[in-house]
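What follows is a set of notes on a single structure, which appears directly below.
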Amino acid sequence: MTIYAICGASGQLGHLVLDALLRKVPAANVVALARDPAKLADYAAKGVEVRAADYDAPETLAPALAGVDRLLLISGSAIGQRPRQHQAVIDAAKQAGVGYMAYTSILHADRSPIKLGEEHRQTEAALAASGLSYDVLRNGWYNENYTFSLPAQIEAGVITGAQGDGRINSASRKDLAEGAAAVLLDGKGGDIYELAGDKGWTLAEFAKELSRQSGKPVTYVNMGEEEYAQSLIAAGFPEYAARVIANSAYSTSLGALEETGGTLGKLIGRPTTPIAETIAEALR
């Protein structure tokens, strides 16, 4: 019996990967790993084995991975800490005898101008040095990254950013979760998957679609990276977070989030979710 495990299973992506995996394999074959197992009580009730595993407590990791055959490492959320945290999971996987790993990286990690890409490059290098069989899932941005503040944008009639005319091949979180589950089940090792939405869009096109669906005029206003960062700071964002967001936005203008290979749609066996559909869902 093959045992599949998901690190970071209590997060938004992790929950959806669990759901996708449970549509394919019995709950008895699935292990969900989280810092706080109580957050996964509903999956434990379905028969999933829930184990405590904390990226910041390496001593918890190898015991949590005992008996696991195939592991999905969902990247941590602590910016600046991820290479260390991910290395701890890789070391524990080797110690526990895990046969295969998949890792959620960033789109075009090897050449991404997004500063966050460096942490993913370091993790990819650690996997390459580990001797483990592994695949890399280079995820583009979620549709949902752009829809959490729609009411405020509609009220203001303006979306600001530094993306310029950069195209964004985003996909829904559910799309990327299904892709991760598919690779966890069938990945052979040695592959890099550039995972993104089928159809790209610009922020100006996003604003036009939001106008159409809301019935209120919304326009996109482009800024430089520094100007956008300062606007976010003025809006109450911590400076570090504002600069990370602004850098990601400006990097989009350089093509960081454009990917037309269609790999994700092929993996999940259906078209990816259009941004218009996610806008409609958010407005509901």
- Item | Tally of residues being modelled with pLDDT under 95 and not in a loop (DSSP other than H, G, I, E, B) across segment 62-82 | 1
- Message: Considering only segment 89-110, I want to know if a residue exists there that is within 23 Å of Arg243 (Cα to Cα) and of a type in the set (Gly, Ala, Ser).
- Response: yes
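Sort out which residues of segment 77-103 are within 27 Å of Glu118 (Cβ to Cβ) and touching a strand residue (DSSP E or B) at 6+ places or on another chain (Cβ under 9 Å), and write them in order of number.
His86, Val89, Ile90, Ala93, Val98, Tyr100, Met101, Ala102, Tyr103
Given Ala196, Ala180, Ala234, which one is at pLDDT 95 or above and more than 20 Å from the chain's Cα centre (by Cα)? Working first, answer last.
Numbers: Ala196 fails: more than 20 Å from the chain's Cα centre (by Cα); Ala180 fails: more than 20 Å from the chain's Cα centre (by Cα).
Only one candidate passes the filter, namely Ala234.
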- Of all residues in segment 67-97 being touching a residue at least 60 places away in the same chain (Cβ under 8 Å) and over 14 Å from the mean Cα position of the chain (by Cα), the one that is farthest from Asp191 (Cα to Cα): Gly67
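Step by step: first the residues of segment 193-215, then only those that are of a type in the set (Gly, Ala, Ser), surrounded by fewer than 19 Cβ atoms within 10 Å (Cβ to Cβ) and in contact (Cβ under 8 Å) with a residue 40 or more places away in the chain, then the one that is farthest from Gly179 (Cα to Cα). Which residue is that? Outline the logic, then answer.
Kept after step one, since they are of a type in the set (Gly, Ala, Ser), are these residues of segment 193-215: 196-197, 200, 204, 207, 211, 214-215.
Next, from what is left, pick out any that are surrounded by fewer than 19 Cβ atoms within 10 Å (Cβ to Cβ): 200, 204, 211, 214-215.
Checking the rest, the ones that are also in contact (Cβ under 8 Å) with a residue 40 or more places away in the chain come to 200, 214.
Working: Gly200: 18, Ser214: 31 Å.
Selected residue: Ser214.
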- Query: If you check Tyr240 against the conditions, is it more than 20 Å from Arg138 (Cβ to Cβ), at pLDDT 95 or above, assigned by TED's automatic domain parsing to the domain that holds Glu155 and among the aromatic types (Phe, Trp, Tyr)?
  - Reply: no
- Options Val244, Val218; residue that is surrounded by fewer than 21 Cβ atoms within 10 Å (Cβ to Cβ) and either closer than 25 Å to Leu16 by Cα or touching a residue at least 24 places away in the same chain (Cβ under 8 Å) (or both): Val244
- Residue check, Arg138 among the basic types (Lys, Arg) and within 15 Å of the chain's Cα centre (by Cα): yes
- In segment 130-167, what residues are within 12 Å of Leu203 (Cα to Cα) and small (Gly, Ala, Ser)? Gly161, Ala162, Gly164, Gly166
- Do any helices (runs of 4 or more DSSP H) lying entirely in segment 110-192 carry at least 1 residues that are of a type in the set (D, E, K, R), in contact (Cβ under 8 Å) with a residue 24 or more places away in the chain and touching a helix residue (DSSP H, G or I) at 6+ places or on another chain (Cβ under 8 Å), and which ones are they? 117-130, 173-186
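Only one of Ala64, Ala34 is within 22 Å of Leu176 (Cα to Cα), crowded, with 17+ Cβ neighbours inside 10 Å, in contact (Cβ under 8 Å) with a residue 24 or more places away in the chain and not basic (Lys, Arg); which? Explain how you work it out, then say what you get.
Working: Ala64 fails: within 22 Å of Leu176 (Cα to Cα).
None of the other options fit; the residue is Ala34.
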- So is Leu21 under 23 Å from Asp186 (Cα atoms), assigned by TED's automatic domain parsing to the domain that holds Ala62 and buried (at least 23 other Cβ atoms within 10 Å of the Cβ) or not? yes
- Please specify each residue of segment 38-61 satisfying the condition of being without any contact (Cβ under 8 Å) to a residue 24 or more places away in the chain, in a helix (DSSP H, G or I) and crowded, with 16+ Cβ neighbours inside 10 Å. Thr60
- Item | Test for Gly261: is it over 26 Å from Glu178 (Cβ atoms) and surrounded by fewer than 17 Cβ atoms within 10 Å (Cβ to Cβ) | no
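The values are calculated or read from the model by the stated rules, or taken from the named source; none is laboratory data. All figures in this text were calculated on a predicted structure; none of them were measured in a lab. Neighbour counts are summed over all protein chains in view; Cβ atoms, including those assigned to glycine, are modelled from backbone coordinates with ideal geometry.
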